[in-house]
Structure formats: C-alpha cells, structure tokens
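What follows is a set of notes on a single structure, which appears directly below.
The values are calculated or read from the model by the stated rules, or taken from the named source; none is laboratory data. What you see is a predicted model, and the numbers here were worked out from it, not measured in a lab. Using ideal geometry, Cβ is built from the backbone for each residue, glycine included, and neighbour counts are taken over all protein chains shown.
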Amino acid sequence: MATEPHALFEAAWAAMEKAYARYSQFPVGAAILTEDGRVFSGGNIEVISYPEGWCAETTALSHYVMGGGGRITDIAVVAEKKALCMPCGGCRQRLAEFAAPDTRLHLCDETGVRETVQLSDIFPRGFSAEALT
C-alpha cells in the first residue's frame, strides 16, 4: 500500500514511463491516493489531432472513477522534462471535482517529492456544483 508521498511519486513515475507522448515529447505521470490506501495512476495519452488527448491527471481520474472512487487524500504529479510540473487548468477543475480543497498535491522532480501544496492553493476559485443551482 502506497501511503507515503515518495511511494505515490514512484507510482506517478511508473505511469509517466508508460505515457504516450509521441507528439509533444512531454511525458507526464500522476497518481491519486485514496484514504483507504488505493492508488490510481495514469500517464498522458496523445493522439494525432494534438492537442486532443488525455492529461496524466485525467487518465488517473478515469482509473479512480472506474475503480469505485473514494476520498482522495493525496495526488502526485511528475514530468520528465519539467520539475514541479503543475496540473493544467482543465485538470485543476477535474481534480477539484473529485478531491477536497485540502487534498495534498505533491509536485515532483526526477528524485521525488519537492513541494507539497493544497489543491485550494492552485485552484482557489474553481467552479462548484453550487454555481449551477
């Protein structure tokens, strides 16, 4: 069970190594940890109609949803060519849909976790379900 940030980094790195980044040459990996110790990871997957495709966070969220979900406690993101790679705007909204504002986001480089912030730090005014009522 991956409960420590470094183990979550390792899951994100392993996912990054499977990324299909043929067009951007910018592989990214993400891993999501739920409070019951399950880890869901994903790498970015590009298609020829670039920039269409899936970000690593989106792929990890897909596995998370198909795996039954649960309370997300931590997320790790790693990119081969950019240390401390932040999720893009779309992924910030997607993560906010499933994770709480106090969910820990671990930003990594090739050696492991280098900075930890809360999801609310990187997405302070995202859309919420209350906006639709």
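Tabulated results
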read-out: Residue among ALA79, ALA96 that is touching a Ser or Thr at 6+ places or on another chain (Cβ under 9 Å), buried (at least 17 other Cβ atoms within 10 Å of the Cβ) and aliphatic (A, V, I, L, M); value: ALA96
read-out: Residue within segment 96-107 that is part of a loop (DSSP other than H, G, I, E, B) and free of Cβ contacts under 8 Å to residues at least 24 places away in the same chain present; value: no
read-out: Unmet requirement for PHE26, which otherwise passes all of (1) of a type outside the set (A, V, I, L, M); (2) touching a His at 6+ places or on another chain (Cβ under 7 Å); (3) part of a loop (DSSP other than H, G, I, E, B); value: (2)
read-out: Residue in segment 78-95 that is nearest to GLU130 (Cα to Cα), counting only those that are touching a strand residue (DSSP E or B) at 6+ places or on another chain (Cβ under 9 Å) and part of a helix (DSSP H, G or I); value: LEU95
read-out: Among residues of segment 23-57, those that are surrounded by fewer than 20 Cβ atoms within 10 Å (Cβ to Cβ), at pLDDT 95 or above and charged (D, E, K, R), counted; value: 3
read-out: In segment 65-76, the residues that are crowded, with 23+ Cβ neighbours inside 10 Å and either touching a Cys at 6+ places or on another chain (Cβ under 9 Å) or not in a strand (DSSP E or B) (or both); value: ALA76
